Amino acid sequence: MLNRLGMQARIAIGFVPPLMMMLVLSLVAYNGVSSITTATTTYLNAAGDQLELSRMGDCLTDANVAVLLFDRRRTPNYVEDFRTNVACMRDMEEKLTERAAVLESLVNDYATGFSSFVALDGQKAAVRDKALDFGPWTSVALQDIIRTSYRGGNLDAMLTAGEVNTLLNRSLALVERFLRAEDLSAETEAQARIDEAAAAIETLKAQVSSDLQRGRVAIAEALMENYRARVSEARALMEKEVAARARVLDTLAPGLSAQFQDIDHRLRQSQEALGQETVDTASATGNQVTIITIAVLAGSLALSWVIGRWISRSVGNMANTMREIAEGNTDVEVQGAEHQHQLGEMARSLIVFQENARARTEAEAEARAGREAADAQRLQQEEERRQQEAAREKSAAITKAALETFAAGLDGLSGGDLTVRIGSIDPAYDAMRLAFNQTMERLEDTVGRIKASSASMMGSTTAIVDSAQELSGRAESQASSLEETAATMEQMSASVKTTAESAQQVRSAALDASERARRGSGVVSDAVQAMGRIEESSAKVTNIIGAIDAIAFQTNLLALNAAVEAARAGEAGKGFAVVASEVRTLAQRAAEAAKDIADLIRDSTGQVADGARLVREAGDALVEIRDAIETVASRVADISSAASEQASGVEEITTTVTHLDSLTQQNSALAEQSAANARSLGADADELVNLMTYFSVTEGAPSGRSRAA
């Protein structure tokens, strides 16, 4: 069945499998390089995402610090710092290739929660100012009532108004502590003092008699109610502010940090998976290329040997048959005449040649018989016989020349010379000559095309080698860049560790200063309490002096009445008048002394109040200093923690970059291996071209000659 195939088909059968295997090799190599390139690109994108996420985490840390500082100091510049860092987080978020919707939502919630916190703080400050305005104005109104009651001689109203003013002043101190230190228990106690003052005002209403005094009491009561309402409103706003602060610091900030850590963890897992995938793909591609290259080499060598043996055996058999016929063996069997390819045409032409030789042999036999039968007529037919002999010799010479010509052509074909052609011969053998020449032309065209394909394969192999070498160079360049990046990250890690250690030392010093400020604040608090007790004692003494002054006033009136009655009694009342005069003088002196003592106590009370105020301010300053020191300590602790986390993150990034450097070097080695395999394939193709040089063809014949030539 295989003998039915022509020479062109046989050669094509020999070259189709290697070409198909080379195509498979090219596809496998291209697919492997594409997979490695895709995985490397994805890995670099993931590394970029992790870097952007780290920068975004820095912005989040700065935003958290701004929130803490605003909570401590309540200054607008920290609000602006927070907004700047939130804008930074949003800008970084847009650069992430893997953008999580929950991250955007948490950032927005964080910004909204802090804005609510800031707004409530502003409202609370406005209400606080109003409360601190209404309280002192109420005290002024009560002091006016005290003065007018004293001048009017209404001692009960004066004492009650003084009691109300004392309760109001206590509430003012408690409200001040409530608003400054956000002490809700102080607000509760202040409301209790205000309730007591309100109950005392009800008593005061019953003690005043004039409409003017009632109007003054009504004004003081209205101011106190406004004062009470503002304090209650400040408490409500403070509770809302505390809730908003807790939501920002205890819920939103930790939730956002947890989401950052989750995304960072997923990015690290993705990088590890991509690195392993790249290694597996490169290893599989190298193994596949090696196996296919070996298969192509072995298959090409085996097929070239089999096809060469197949073609040379058929051509050799045909040459042996022609040689036997030329030697006179007309009984030899001509094989392959039933096929329709070039060798079949040559076999059929050889059968015609064999038939002619048989006819010639039969003619010679008949001639010999005629000579024996017509020996008598030999003389008459001698001339005819010589002519016939000449014709036979000529025919034999023509046949021998034709056979020798065909034998020479077949010998050239057997030696690989495909340029052999049979020129002009006897017309009887012209069909055989045409068949032989057509066969040689088709064979020459086929071999020429195979040579051209081999040269093209050499060019493709060279291109693959160049591409693999270029890929290897790029991988080496990338490995060098990654090595420099790893060195930079190591330096950065050392700097961050140094910063963390310095921040820890500063934090220790700040905590020590905070403890000293706390002890100083306790001393000032004791001094404030002592001043308060002095103020209370001074108020009691003032009340007693007021009572003494009132008694002296009444004694003076009684002495005056006694003097009048003594004057009415005449001589009998002279002694009594003298006593009344002395009593009046003593009463006036007592009133003056009481007034002097009251003035001194009033001055002392004012000085004590100023001293208490200064001590309170010093205490507040110490509290602010302590809070500032604690804020600094907290800030330094945050900086130390952030620096430690940054150092850990930088070390992890350094490890990742080092791992990526190792993978890139492995990729470079695999690219070098691919280039070596491609060069081996080029050597195999070169060997195939050398094998095809066994056949000699006319230059330019494959591209300029048609199959029907």
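The values are calculated or read from the model by the stated rules, or taken from the named source; none is laboratory data. Keep in mind it's a predicted model, so treat the numbers as computed, not measured. For neighbour counting, all protein chains shown are included, and Cβ atoms are generated from backbone atoms with ideal geometry for every residue, glycine included.
Summary table
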read-out	value
Identity of the residue in the range 213-238, farther than 16 Å from Pro136 by Cβ and in contact (Cβ under 8 Å) with a residue 24 or more places away in the chain, that ends up surrounded by the fewest Cβ atoms within 10 Å (Cβ to Cβ)	Ser232
Long-range neighbours under 8 Å by Cβ, at least six apart or interchain, first residue surrounded by 15 or more Cβ atoms within 10 Å (Cβ to Cβ) within the range 167-194, second at pLDDT below 90 and not in a helix (DSSP H, G or I)	Arg177/Asp183
Among residues of the range 415-449, those that are of a type in the set (Gly, Ala, Ser) and surrounded by 15 or more Cβ atoms within 10 Å (Cβ to Cβ), counted	3
Residues (modelled with pLDDT of 65 or more, farther than 20 Å from Lys400 by Cβ and either among the β-branched types (Val, Ile, Thr) or surrounded by 12 or more Cβ atoms within 10 Å (Cβ to Cβ) (or both)) located in the range 336-369	His339, Leu343, Gly344, Glu345, Ala347, Arg348
Residue in the range 388-409 that is at pLDDT below 70 and not small (Gly, Ala, Ser) present	no
Sole exception among (1) surrounded by fewer than 17 Cβ atoms within 10 Å (Cβ to Cβ); (2) modelled with pLDDT under 70 for Thr37, by number	(2)
Selected residue (criterion: surrounded by the most Cβ atoms within 10 Å (Cβ to Cβ)) from residues of the range 195-212 that are among the small types (Gly, Ala, Ser) and over 20 Å from Lys130 (Cβ atoms)	Ala200
Criterion: outside any loop (DSSP other than H, G, I, E, B), closer than 19 Å to Thr251 by Cβ and at pLDDT 80 or above - qualifying residue of Val86, Val65, Val107, Val140	Val65
